[in-house]
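A quick write-up on the structure given underneath.
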Amino acid sequence: MVSLTHPPSPTDLSRSEPGLGYDFALLGLRAHEARVGRIRQAAEATADRIRAADLDRSEEASMLGAVALATYRLLDPRRRRRTAHRIRLCVLEEEDLQRAESARRPLLPAATDAGSSPTTSQCS
């Protein structure tokens, strides 16, 4: 696990995928972790620790940005050498499907008049 004030040690970084060592260490993951749920869980836990720490706004924003970027890179199958890891990162789990479905829902309910159907555009 990486502390909020100290970067990961070089020995932690040397065992991981090329260019991803800091990302694994930042999220407190073992090198080569390829389980999507585990990576997301670690990212959420790291972000929670950052939010709970007594940091000024700019430092907190910077660290949360680093967590988001690390998470993105670790979930990108193109950055992995091992075929099995690439495949594992591409497999969708039920939670992923639910997340995708909820992202397609409109944020606001559709406005309907008594005389019009919900599919009819009122701006025509």
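The values are calculated or read from the model by the stated rules, or taken from the named source; none is laboratory data. Keep in mind that this is a model prediction, so the values were computed, not measured. Because the Cβ atoms are built from the backbone with ideal geometry, glycine has one as well, and the counts that use them run over all protein chains shown.
Is there any pair with a first residue in region 81-99 that is touching a residue at least 60 places away in the same chain (Cβ under 8 Å) and a second that is surrounded by 11 or more Cβ atoms within 10 Å (Cβ to Cβ) and of a type in the set (Ser, Thr, Tyr) whose Cβ atoms are under 6 Å apart and which are 6 or more apart or on different chains, and what are they?
none
Evaluate the following for Gly28: is it among the small types (Gly, Ala, Ser) and at positive phi?
Working: among the small types (Gly, Ala, Ser): yes; at positive phi: yes.
Yes; evaluated as a whole, the condition is true for this residue.
So which residues in region 29-47 are under 13 Å from the mean Cα position of the chain (by Cα) and over 16 Å from Val91 (Cβ atoms)?
Matches in region 29-47: Gln41, Ala42, Ala43, Glu44, Ala45, Thr46, Ala47.
Could you check region 1-95 for helices (runs of 4 or more DSSP H) lying wholly inside it with 1 or more residues that are at pLDDT 85 or above and buried (at least 16 other Cβ atoms within 10 Å of the Cβ)? So that I can check it myself, show each step before the final result.
Working: elements: 10-14, 21-26, 36-52, 57-75, 83-90.
So the answer is 21-26, 36-52, 57-75.
Restricting the search to region 47-67, which residues are free of Cβ contacts under 8 Å to residues at least 24 places away in the same chain and not hydrophobic (A, V, I, L, M, F, W, C)?
Residues of region 47-67 that are free of Cβ contacts under 8 Å to residues at least 24 places away in the same chain, as a first pass: 47-48, 51-52, 54, 56-62, 64-65.
Asp48, Arg51, Asp54, Asp56, Arg57, Ser58, Glu59, Glu60, Ser62, Gly65 - these are the residues of region 47-67 that are free of Cβ contacts under 8 Å to residues at least 24 places away in the same chain and not hydrophobic (A, V, I, L, M, F, W, C).
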